[in-house]
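Bear in mind that the values in this text are calculations on the coordinates, not laboratory data. Note that the coordinates shown come from a computational prediction; the quantities given were computed from them, not determined experimentally. When we count neighbours, we look across all protein chains shown, and the Cβ atoms used for this are built from the backbone with ideal geometry, even at glycine.
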Amino acid sequence: MNDMSPNKAEREAKLEGMGCRRKRVEDVRFTQGKGNFVDDIKLPGMLFGDFVRSPYAHARIKGINIKKAMKVPGVLAVLTATELKGVNLAWMPTLAGDVQMVLADGKVLFQNQEVAFVVATDRYAAADGVEAVEVDYEALPVLVDPFKAMDKNAPVLREDLKGKTSGAHGPRKHHNHIFEWTMGDKDLTEAAFRKADVTIKELISYHRTHPSPLETCQSVASFDKIKGELTVWGTFQAPHVIRTVASLISTIPEHKIHVISPDVGGGFGNKVGAYPGYICSIVASIVTGKPVKWVEDRIENLTATSFARDYHMTAEIAATKDGKVQALRVHVLADHGAFDACADPSKWPAGFFNIVTGSYDFPVAHCAVDGVYTNKAPGGVAYRCSFRVTEAAYCIERAMDILAKKLNMDPAELRLKNFIRRDQFPYQSALGWEYDSGDYHTAMKQGMEKIGYPALREEQKRKQADFKAGKTRDIMGIGVSFFTEIVGAGPSKNCDILGIAMFDSCEIRIHPTGSAIARVGTKSTGQAHETTWAQIIATEIGIPSADIMVEEGNTDTAPYGLGTYGSRSTPVAGAAIAMAARKIKAKAQMIAAYMLEVHEGDLQFDIDGFRVKGLPEKFKSMKEIAWAAYHSVPPGMEPGLEAVSYYDPPNMTYPFGAYFCVMDIDVDTGVYKIRRFYALDDCGTRINPMVIEGQVHGGLTEAFAIAMGQEIRYDAGGNVLTGSFMDFFIPTAVETPVWETDHTVTPSPHHPIGAKGVGESPNVGGVPAFSNAVNDAFGFLGATHIQMPHDYWRNWEAAKSLGLIK
Amino acid sequence: MSKTHVKFKLNGAAAEGMCEPRTLLVHFIRENLSITGTHIGCETTHCGACTVDLNGKSVKSCTLLAVQAQGADVVTIEGMANADGTLGALQEGFRQMHGLQCGYCTPGMIVRAHRLLKENPKPTDEEIRFGIAGNLCRCTGYQNIVKAIQHAAAKLRGEEYLEAAE
Ligand code: FES
Ligand code: FES
């Protein structure tokens, strides 16, 4: 727009469209305590459900006695697997093609597994009831270590799978084996390794952790016997999927199920799956004829619903002696816990792990993933990342550093040498993806300049000399990470959930007075959709954001969508929003042409209306056009101004970024200090920079937590050692570093507005930056790879094992 | 279980109800009184989502019994707006500086910051970080919360805060 007359600039500013730091509309209610979260819902006669959970990680249930519990004042019912069998719901299907016990059927397979559901008049009475249920367990041998899962005499965990030599994803090799998934060319990869000058091989583990949003999982179910209708309010990142699943596993037709996600207090992948609590609240409502609320407490959340990661990756790189990568080979042992309840697109048992070639031009690659059962909680959710993408990014970014060390090359230089070049996009990766766009060299160089990379390396050299000379006990690490994400699942050709293609949707209605409502198939859990979706529409059709209401989460009113996770909202729903807006714009243009008595082709769109080319004074604003749409449309045209779009993306989007972490570690105590953290993100077109920066801050903080201490840990008996916020690391404002953010913009060529998605990039790129900084700090003292998480204790252990502490 | 009569001042008005002696203050406020802005994130005193102001101190209402609030002066997020109903300085600061995302920690965070600024009207960023260390946020990474509180502090001192949300 070259004519930025004050009038034009003013009109544009008034729209608060794309690119503007629009303040969030959500904040008005949240800052006043007027959000509407699940636990805020109170219905007449509402009951409360609570679980009896297993203290054992593996045990046979010899009996459950509910007599005493039923005598507890306020207790109305106790559900066990026996009752659930009556409605065919003792087990439920998982998103990964496995089945999962809703309530323990014959045995328990992980600590805190759901055994019985006590329904009472309030949460205190329910807790009393839980105490009074007597369960007789016979302890069984426990399997915790995934590396022992496929031992010959490993305990049999899943007796229900006895004799099944194949599962949802092909053959099973052992009674505790779930699937083997392979990608790439094994023979060519082997050949490249045989010829290579240099190879590296390392076991890189990404430990088990948990998304733990501040609001736990919860639901309220209300079954109306007369109408045969079920309404469920819940913490759902994908309410439509929940409705379909609820219909498929119950006998209630889908149109009689109303699923509502009200305000949701954070998701991070935790709230994608279907959990026993949701099912039990539904069954209990059907049984009692009353609404039933279930609210998980924090301990239950950490120990029973949806862990993340637990990937043990053996990575190998073959390279020339001057540092050109030739081949990548990765084997993953994936610990899925007691049931395979991973929330991945159905055909992808290891998610998009095959993005593991990262940002580098590997001519050939091969990866294989073996999933195994252990006596741990099920889950395997994408904790603030696209499916298994953060595992892949961690794997390749650590492996590149290990290669750099072996070659005695600077890790940034090694990356620059091997990046996919700008002119190679769209780029076909060795493991099957087509990267849409990127400019890695520019991003990396901009990052190196901003952080002052050469000077930092100089300083590090001096410090290393000082350390060796005994002048200091501090070591300095510079963590470099350059990630490529794959988000926006996804194209129907390769992505579905239980057979439903992973499109997303938007419906826009323009009201006669020129304001609008937009309903979208996604569900914000903090990402500000009510604010940013309106900005897309504002720019597309020229109605101010402030006049557009965005609604999500009610399956009766929103068009069918697959929900919010895997950074798919902007790539998929964002596109649907733009496409729906463009349909409206096309009709508006016809109406404007009629009003101005010209041919449509004689009009051009100008910020907030249509103008006749060459006759600038002939103009109709969107507001006028909206009124006309309900008042005087051209002959033969239907009145009204609304549109629906279901968008099936042609490809994924590939955000990327360059992250740098500067850290100092005191070897005697293991105490580290994050001196600087710089994050450059390229998420294509930026809709609201304020929201993007907020997403980056939050994602980096989660990455910091994971890399530096957050872990779900079990002892040998399968007892969870990190079951509360006392032991599970959530950084406070004191530990959290100050973040420096930056960006480049490389739009996605196939997305209607060029946006790629950003919410998860900082987690994906952040974890390797922290871990590489620790490893870089210890590198000159002989360390090759120190496993995460790098808390003070483990840093101290690392120092000790390197002989630095007497 | 027999019930006890509990009465205290809530956001300037009298509030009362019957509850079991074991009822937690947070449940009494949310369920008996149906004032739901105060949230629950852990019930183990770690997250601060349940923070309320009690007799001039920030307390975690999941770790107090309702009966312990007998006769007290309790302020929750619902008491943070200006008298004319407009957003209070902290509420406005959080909005201006993008100090919230999912909004679940926000009520506890604002109530805590309210007390912090009463005790220290001109805090450094570091003092703010230390002062809100009892309140966890999973979404924002705290950086903009610090700015939000500085924004409010400046406003309450009658100064202008200029830094943009980052
Ligand atoms: S709910 Fe009270 S501190 Fe978390
Ligand atoms: S805004 Fe979500 S926990 Fe703080």
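Points worth noting:
- Cβ charges +1 (Lys, Arg) and -1 (Asp, Glu), total dipole of the range B:4-79, debye: 120
- Cα-based shape type of the range A:329-413, given that a ≥ b ≥ c are square roots of the gyration tensor eigenvalues and the cut on a/c is 1.5: prolate
- Distance (nanometres) between label positions extended 7 Å along Cα→Cβ at B:GLU16 and A:ASP602: 7.8
- If you take the alpha carbon atoms of the range A:657-783 and fit the smallest convex hull around them, that volume is 160 Å³ per residue.
- Using the Cβ-Cβ distance between A:ILE517 and A:GLU254 with R0 set to 25 Å, the FRET efficiency from 1/(1 + (r/R0)^6) comes to roughly 0.55.
- Using the Cβ of A:SER429 as centre and a radius below 15 Å, the other residues enclosed give a net charge of -3, where K and R count +1 and D and E count -1.
- Averaged over B:26-36, number of beta-carbon atoms from partner chains that fall within 10 Å: 2
- Estimated vicinal HN-Hα couplings, Hz - the range A:632-646 in sequence order (Karplus 6.51, -1.76, 1.60; Gly, Pro = x): 8, 7, x, x, x, 8, 5, x, x, 9, 8, 7, 10, 9, 10
- Cut-off under 5 Å, modelled amide H: who pairs with A:ALA327 long-range: A:ALA318
- Length added when fully stretched, A:GLN428-A:LYS468, from 0.36 nm per residue minus Cα-Cα: 9.8 nm
- Simple Cβ-charge dipole of chain A, Lys/Arg +1 and Asp/Glu -1, about Cα centre, in debye nearest 20: 780
- Overall Cα dimensions of the range A:484-629 - principal axes, largest extent first, Å: 52, 28, 28
- Amide H contacts of A:ALA343 (H built 1.01 Å from N, under 5 Å, at least 5 apart or other chain): A:VAL381, A:ALA382
- Residues A:THR784 and A:LEU416, FRET efficiency given R0 of 25 Å [Cβ-Cβ distance, rounded to 0.05]: 0.65
- For B:LYS3, the lysines whose Cα falls under 28 Å of its own Cα, not counting residues fewer than eight places away in the same chain, are A:LYS42, A:LYS67, A:LYS68, A:LYS71, A:LYS290, A:LYS293, B:LYS57, B:LYS60.
- Additional length obtainable on full extension of the chain from A:LYS71 to A:LYS85, 0.36 nm per residue less Cα span: 2.7 nm
- Relative protection proxy for B:8-18, A:417-427, from highest mean packing down: A:417-427, B:8-18 (other beta-carbon atoms within 10 angstrom).
- Kirkwood-Stokes translational diffusion coefficient of the protein assembly as shown, alpha-carbon pairs, 25 °C, 0.890 mPa s, µm²/s: 84
- For chain B, the ratio of Cα radius of gyration to the globular rule of thumb 2.2 N^0.38 Å stands at 1.04.
- The simple Förster model, with R0 at 56 Å and r as the Cβ-Cβ distance, assigns A:ASN554 and A:GLU797 a FRET efficiency of 0.65.
- 5 angstrom amide H check on A:CYS217, placed H, neighbours 5+ away: A:GLU296
- At the listed q of 0.18, 0.24 Å⁻¹, the Debye profile of the range A:709-806, built from one uniform point per Cα, gives log10 I(q)/I(0) equal to -1.05, -1.31.
- Helix axis angle, B:143-156 relative to chain B longest principal axis, alpha carbon, degrees: 90
- Karplus-based coupling profile of the range A:567-577, in residue order and whole Hz: 6, 9, 4, 5, x, 9, 5, x, 5, 4, 5, with θ = phi - 60° in 6.51 cos²θ - 1.76 cosθ + 1.60 and x standing for Gly or Pro.
- The orientation-averaged projected area of the convex hull spanned by the Cα atoms of the range B:4-79 comes to 4.2 nm².
- Put simply, when A:438-444, A:389-395, A:191-197, A:491-497 are sorted by average Cβ atoms within 10 angstrom per residue, most first, you get A:389-395, A:438-444, A:491-497, A:191-197.
- Sequence ranges A:648-661, B:33-46, A:333-346, A:375-388, ranked by mean other-Cβ count within 10 angstrom, highest first: A:375-388, A:648-661, A:333-346, B:33-46
- Residue-count net charge about A:ILE226 - beta-carbon cut-off 15 Å; Lys, Arg +1, Asp, Glu -1: +2
- Taking the alpha carbon gyration tensor of the range A:5-145, multiplying each eigenvalue by 5 and rooting it gives semi-axes of 48, 22, 13 Å, largest first.
- Inter-label distance, nm, simple model (7 Å from Cα along the C-beta direction), A:ASP136/B:LEU162: 7.7
- Projected-area average for the range B:89-156 over all orientations - Cα convex hull basis, square nanometres: 3.7
- Compared with the dominant Cα axis of chain B, that is its longest principal axis, helix B:106-119 is turned about 70°.
- Centroid-to-centroid separation of the range A:565-593 and the range A:19-40 [C-alpha atoms, Å]: 25
- In range of the label at A:ASN494: residues from the range A:429-463 whose backbone nitrogen is under 20 Å from the point 7 Å along Cα→Cβ: A:429-439
- Using the Karplus relation 6.51 cos²θ - 1.76 cosθ + 1.60 with θ = phi - 60°, the per-residue 3J(HN,Hα) values for the range A:760-772 come to 9, 3, x, 6, 4, x, x, 4, x, 5, 5, 5, 5 Hz, with x marking Gly and Pro.
- Taking every Cα-Cα distance in the range A:608-696 and sorting them into 10 Å bins from zero, the calculated P(r) comes out as 11, 19, 19, 20, 13, 8, 6, 3, 0 percent.
- Part-to-part distance (alpha-carbon centres) for the range A:87-105 and the range B:17-80, which is given in Å: 38
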